[in-house]
Amino acid sequence: MAGWEEVFYGLVKAVELIFSGDPDVVQITILSLRVSGLATLMGGALGIPLGALVALRTFRGKTLVVSVINTLMGLPPVLVGLVYYILLSSTGPLGFLRLLYTPEAMILAQLTMVLPIAAGVTISSVSTIDPKLREVAVSLGANPLQETAILLWEARVGLLTALVVGFGAAISEVGAIMIVGGNLLGYTRALTTAIVLLTNQGEFVEAIALGIILLTLAFLVNAILTLLQMRSRSSLFAQIYTREPRLKW
């Protein structure tokens, strides 16, 4: 069977699986969305404040911290999985938690990869804000918390980018969740790990079908976040446009 024929039959199979409501595919899809969605939300909740703190504060070693965060943005998933496997195995220091081969372990592994991405993109976004805005906020009596909130609101397009990039990295990741999740059918099997298993078994059509479903999910989630980005950008431009007459006046 030629490669393009496999892609074609995979597309047909993907449509069949989507509309058939296959319980295994539904369970795998829901698990993938749950694990990657929670990892992205938790990574954003931790990474965005961390990135804002690093970007807005001046301290010794800031360049080193930024370099470390940028380096961690490219963490090898297999290395993350290996570290968590050692930590969570029965003989490891966190073995008493009994999290190995559970969805929670998969979330932890993906969270570890999403967090530096969210922090790094936030640092980049907040650093590009006009310093005059911060000076104006301080001159109007904003306390540090209000000042940070104002700057984060101005950088909201970049913060949404952090979530988009983080979710993309999480939903497409396979090495870490394969190691700590174990790819157990009905419990820890996600779309990416199922694709690896089917490919190893020579079931290329089914693997391509799941790949198309994965790509469709990633597209839909990213389309929603991109739409929010565009609306935020339009709102930002509208604010700038309405500010101009006041500045001239």
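The values are calculated or read from the model by the stated rules, or taken from the named source; none is laboratory data. It should be emphasised that the depicted structure is a prediction, and the values quoted were computed from it without experimental measurement. Here the Cβ positions follow ideal geometry from the backbone for every residue, glycine too, while neighbour counts run over all protein chains shown. SASA here: full protein model, heavy atoms, side chains in, ligands and nucleic acids out. Shrake-Rupley method; radii C 1.70, N 1.55, O 1.52, S 1.80 Å.
Helix 103-127: angle to the longest alpha-carbon principal axis of the chain, degrees 0 to 90, nearest 10?
Approximately 30 degrees, to the nearest 10.
To the nearest 10 degrees, how steep is helix 156-171 against the longest Cα principal axis of the chain, on a 0 to 90 scale?
20 degrees
Relative contact order, percent, of segment 35-126 when contacts are C-alpha pairs under 8 Å separated by at least 6 residues? Don't jump to the answer; show the numbers that get you there.
Working: 103 pairs, mean separation 51.8, N = 92.
Computed over segment 35-126, the figure is 56 percent.
Assign one of three labels to segment 124-232, namely rounded, prolate or oblate, based on the Cα gyration tensor with a ≥ b ≥ c the square roots of its eigenvalues; rounded applies when a/c is under 1.5, prolate when it is not and a/b is larger than b/c, and oblate otherwise. Working shown, then result.
Details: a/c = 4.60, a/b = 2.91, b/c = 1.58.
Prolate shape, in that a/c is at least 1.5 and a/b is the bigger ratio.
For the chain, what is the accessible area per residue in Å², given a 1.4 Å probe and the full set of protein chains?
Numbers: 14050 Å² over 249 residues.
Accessible area per residue: 56 Å².
Using the Karplus curve 6.51 cos²θ - 1.76 cosθ + 1.60 with θ = phi - 60°, what ³J(HN,Hα) values do you get for each residue of segment 172-181, in whole Hz, with x for Gly and Pro?
Running phi through 6.51 cos²θ - 1.76 cosθ + 1.60 with θ = phi - 60° gives 9, 6, 9, x, 5, 6, 5, 6, 8, x Hz.
Calculate for the chain the 222 nm mean residue ellipticity that helices alone would give, adding -39,500 (n - 2.57) per DSSP H run of length 4 or more and normalising by residue count, nearest 500 deg cm²/dmol. Don't jump to the answer; show the numbers that get you there.
Working: 11 runs with 198 residues, N = 249.
Counting only the DSSP helices, I get -27000 deg cm²/dmol.
Determine, for each peptide in 69-82, 214-227, 24-37, the mean count of other beta carbons within 10 angstrom over its residues, then list the peptides with the highest first. Display every interim value, and only then the final one.
Numbers: 69-82: 16.4, 214-227: 14.6, 24-37: 18.7.
Top of the packing list down: 24-37, 69-82, 214-227.
Relative to the first principal axis of the alpha-carbon coordinates of the chain, what is the inclination of helix 77-88, with its axis defined by its Cα atoms, in degrees from 0 to 90 and to the nearest 10?
It is inclined by approximately 80 degrees.
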